[in-house]
Amino acid sequence: MSDQVVAKPMPEPTPDTQPYWDGLRARKLLIQSCASCGKLRFYPRPMCDACYSMDSTWIEASGNGTVHSWTVTHHPFHAGFKGEVPYILATVDLAEGVRLNAQVRGIERDALQMGLPVKVGFEAGADGLNLPVVKPTG
Amino acid sequence: MSLREAAAISGVGETAYTRGSGKSVLAMQLEAALKAIQDAGLSPKDIDGIVPYGAGVVAEDFITNFGIADLRFSAVTPMGGASCVAAIQCAAAAISAGICNHVLLVIGRNGFSGNRIGARVAQMPQFRTIAEFEMPLGAIAPAQLYAPMARRHMELYGTKSEQWAEIAVSTRHNAILNGNATMTKPITVEDHQNSRMISDPLRLLDCSLESDGAAAVVVSASDRAKDMAKRPIYVMGVAEGHPDSPSAITQRPDLTRLGLAKAAPKAFAMAGVTHDDIDVAEIYDCFTYIVMCQIEDLGFVKKGEGGPFVGDGNIKLGGRLPINTHGGLLSQSHMAGMNHICELARQLRGEAGRAQVADAEIGLVTGYGDMGDGSIAIMRRG
């Protein structure tokens with residue numbers, strides 16, 4: 001029992017959000033863009049809050065960003081993450097103006113500060129799911 | 001038209017707060033509700049409106065068990081920990097519209113012995129966005145979702161964990177005075193600093209309890225409440241407020257501003273009182289940081305000044321703004337703030353026992369829920 005692997009929470013995409021997950025599968029971070037007025041929105045959702053258009057396109061994020069905030073999780077709230085604590089989750093201001101939340105790779109906790117430049121990467125998870133991760137630049 | 005003094009708290013009731021009730025959630029809610037109804041001097045059949053917390057139990061359960069012949073109003077206010085205080089606004093609005101006279105607000109849960117928080121939130125529609133986009137990353141529980149707000153506040157304003165410790169310590173002190181609290185051992189700032197890290201910067205003693213129990217409040221039309229069993233506690237001002245980006249904290253322009261910042265000015269304006277008039281405050285305390293942030297968003301201090309305010313003892317009994325005089329969610333019980341409403345009513349009636357704030361005349365209670373929804377009620381003794 002002790003080495004039984006518990007599945008992590010998996011997304012359940014909807015028609016509104018499927019392109020985002022398909023993008024990650026292709027190692028691309030896609031941001032939804034209003035087809036009518038061009039406003040970017042994240043997380044994916046059906047309607048533009050500026051012009052109420054329900055038509056959207058997707059742009060590929062540059063992957064450049066800076067750290068806005070972070071937390072280091074020590075308590076495993078889900079058995080699927082028990083083997084990974086402590087892990088760092090960073091809130092990142094992407095160059096495109098929306099924020100990403102993702103686990104940090106290759107940056108020590110004490111090196112984190114507001115405004116620290118970072119780069120978005122990708123990591124393969126279970127069942128073909130790719131997730132974004134936050135990495136050092138360069 | 002305003003809801004100012006349209007309604008009053010006429011009755012409050014709580015079960016024993018435990019970690020392992022051995023009872024059904026419905027049985028506990030009926031017990032607490034009956035206590036509140038009897039406290040108000042009413043019969044269960046007098047209840048003509050119900051706003052249940054909205055998890056597991058519905059208005060129909062009370063109709064069936066209380067034999068209510070003609071329930072005229074039911075609603076839910078699904079805002080997590082902001083629900084109970086938001087339900088006061090809902091009840092006052094229904095009363096003010098002439099729909100009903102006596103509205104039961106009720107919550108009960110086996111939050112300790114049943115499903116724990118990490119498993120529970122994934123099933124709530126308010127967390128649908130988080131469930132799809134953040135839980136797969138490992139951001140599962142409220143402590144993890146809220147910790148970046150606390151970290152941002154620290155980095156922007158130099159706020160210290162030791163300042164939040166003062167909230168944990170004074171709240172524990174008050175719980176010990178209460179007599180119906182889960183946590184009864186005194187703690188120190190050092191204990192707080194030595195408690196294990198949950199999601200940095202939030203330590204174990206920054207986090208609220210998971211509890212079994214139930215609590216209920218009766219909100220009555222003011223013209224009825226003035227002649228009922230207990231001194232009426234009039235609702236002078238009440239409001240709810242939703243933060244920017246209410247479904248995902250990550251996307252919020254200002255991580256340190258909660259929905260309460262929008263609600264508080266409305267409630268103070270409706271009540272016609274100032275911050276100096278507030279004798280006691282029961283402030284939603286799912287986490288110590290959230291208490292400090294609300295003290296700022298309520299306007300007692302400017303944004304960024306909450307750390308020194310809570311760190312300097314202002315929130316203790318006898319301080320400038322005594323808070324959570326019952327022990328709160330941190331040390332009494334996690335009844336999503338219904339216990340805060342019960343305590344405010346007791347304080348303003350003069351029934352708060354060893355934690356009584358001398359001559360408390362006006363007080364406020366807040367709720368905070370989900371990704372930052374806020375609610376506030378300002379009350380006065382009749």
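The values are calculated or read from the model by the stated rules, or taken from the named source; none is laboratory data. Because the structure is predicted, anything quoted here is derived from the model rather than measured. FYI the Cβ positions are ideal-geometry reconstructions off the backbone, even for glycines, and counts take in every protein chain you see. Side chains are part of the model used for accessible areas, which takes the heavy atoms of the whole protein and leaves out ligands, DNA and RNA. Shrake-Rupley method; radii C 1.70, N 1.55, O 1.52, S 1.80 Å.
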### Query
Taking the condition within 30 Å of A:GLN103 (Cα to Cα), open to solvent by less than 50 Å² (accessible area, probe 1.4 Å), of a type outside the set (S, T, N, Q) and touching a helix residue (DSSP H, G or I) at 6+ places or on another chain (Cβ under 9 Å), does B:ASP200 pass?
yes
### Task
Kindly indicate whether A:PRO19 is closer than 20 Å to A:VAL134 by Cβ and either more than 11 Å from every other protein chain (Cβ to nearest Cβ) or at pLDDT 95 or above (or both).
no
### Task
Kindly list, by first and then second residue, each pair from a residue in segment A:67-79 that is more than 7 Å from chain B (Cβ to nearest Cβ) and among the β-branched types (Val, Ile, Thr) to a residue that is open to solvent by 50 Å² or more (accessible area, probe 1.4 Å) and part of a loop (DSSP other than H, G, I, E, B), limited to pairs with Cβ atoms under 8 Å and residues at least 6 apart or on different chains.
A:VAL67/A:GLN113; A:VAL67/A:MET114
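To keep it simple, each residue is scored yes or no on (1) small (Gly, Ala, Ser); (2) in contact (Cβ under 8 Å) with a residue 12 or more places away in the chain; (3) more than 18 Å from B:ALA82 (Cβ to Cβ).
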| site | (1), (2), (3) |
| --- | --- |
| B:ALA229 | yes, yes, yes |
| B:TYR234 | no, yes, yes |
| B:VAL238 | no, yes, no |
| B:PRO246 | no, yes, no |
| B:ARG257 | no, yes, no |
| B:ALA261 | yes, yes, no |
### Task
Please tell me if B:ARG19 is without any contact (Cβ under 8 Å) to a residue 40 or more places away in the chain and over 19 Å from B:MET228 (Cα atoms).
no
### Task
Residues being more than 10 Å from every other protein chain (Cβ to nearest Cβ), of a type in the set (A, V, I, L, M, F, W, C) and open to solvent by less than 10 Å² (accessible area, probe 1.4 Å): count how many of those fall in segment A:95-122.
1
### Query
Can you name the number of the only condition in (1) more than 9 Å from every other protein chain (Cβ to nearest Cβ); (2) within 30 Å of B:GLY319 (Cα to Cα); (3) open to solvent by less than 30 Å² (accessible area, probe 1.4 Å) that B:ILE176 fails?
(3)
### Query
Can you pull out the strands (runs of 3 or more DSSP E) entirely within segment A:1-90 that have at least 2 residues that are buried (at least 20 other Cβ atoms within 10 Å of the Cβ)?
A:30-34, A:64-73
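Quick check on B:THR77: is it under 22 Å from the mean Cα position of the chain (by Cα) and open to solvent by 10 Å² or more (accessible area, probe 1.4 Å)?
Taking the combined requirement at face value, the residue satisfies it.
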### Query
Can you pull out the residues in segment A:124-138 that are within 12 Å of another protein chain (Cβ to nearest Cβ) and open to solvent by less than 70 Å² (accessible area, probe 1.4 Å)?
A:GLY125, A:ALA126, A:LEU129, A:ASN130, A:LEU131, A:PRO132, A:VAL133, A:VAL134
### Task
Select from segment B:322-371 the residues that are on the phi > 0 side of the Ramachandran plot and open to solvent by 20 Å² or more (accessible area, probe 1.4 Å) and list them in ascending order.
B:GLY350, B:GLY353, B:ASP359
### Summary
Taking segment A:80-94 and keeping residues in contact with a strand residue (DSSP E or B) (Cβ under 8 Å, 6 or more places away or on another chain) and either within 8 Å of chain B (Cβ to nearest Cβ) or under 24 Å from B:ALA119 (Cα atoms) (or both) leaves A:PHE81, A:VAL85, A:PRO86, A:TYR87, A:ILE88, A:LEU89, A:ALA90, A:THR91
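Rundown of residues vs (1) under 13 Å from the mean Cα position of the chain (by Cα); (2) part of a loop (DSSP other than H, G, I, E, B); (3) more than 13 Å from B:ILE283 (Cβ to Cβ), yes/no style:
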{"position": "B:LEU321", "(1), (2), (3)": "no, yes, no"}
{"position": "B:CYS342", "(1), (2), (3)": "yes, no, yes"}
{"position": "B:GLY363", "(1), (2), (3)": "no, no, no"}
{"position": "B:THR366", "(1), (2), (3)": "yes, no, no"}
{"position": "B:SER375", "(1), (2), (3)": "yes, no, no"}
{"position": "B:MET379", "(1), (2), (3)": "no, no, yes"}
### Task
Out of the residues in segment B:127-159 that are in contact (Cβ under 8 Å) with a residue 60 or more places away in the chain and assigned to a loop (DSSP other than H, G, I, E, B), state the one that is most open to solvent (accessible area, probe 1.4 Å).
B:GLY158
## Note on the structure
The correct count of residues that are among the β-branched types (Val, Ile, Thr), part of a loop (DSSP other than H, G, I, E, B) and touching a residue at least 60 places away in the same chain (Cβ under 8 Å) in segment A:91-136 is 1
### Among the candidates B:VAL51, B:VAL85, residue that is in contact (Cβ under 8 Å) with a residue 60 or more places away in the chain and either crowded, with 24+ Cβ neighbours inside 10 Å or in a helix (DSSP H, G or I) (or both)
B:VAL85
### Task
Please list, ordered by first then second residue, the pairs with beta carbon atoms under 8 Å, 6 or more apart or interchain, first in segment B:187-216 and at the interface with chain A (Cβ under 9 Å from one of its Cβ atoms) and under 14 Å from A:VAL72 (Cα atoms), second assigned to a loop (DSSP other than H, G, I, E, B) and open to solvent by less than 10 Å² (accessible area, probe 1.4 Å).
B:SER199/B:ALA141
### Query
Give me the pairs: first residue in segment B:287-301 and free of Cβ contacts under 8 Å to residues at least 60 places away in the same chain, second residue among the small types (Gly, Ala, Ser) and open to solvent by 10 Å² or more (accessible area, probe 1.4 Å), beta-carbon distance under 8 Å, and six or more apart or on different chains, which are they?
B:GLU296/B:GLY304
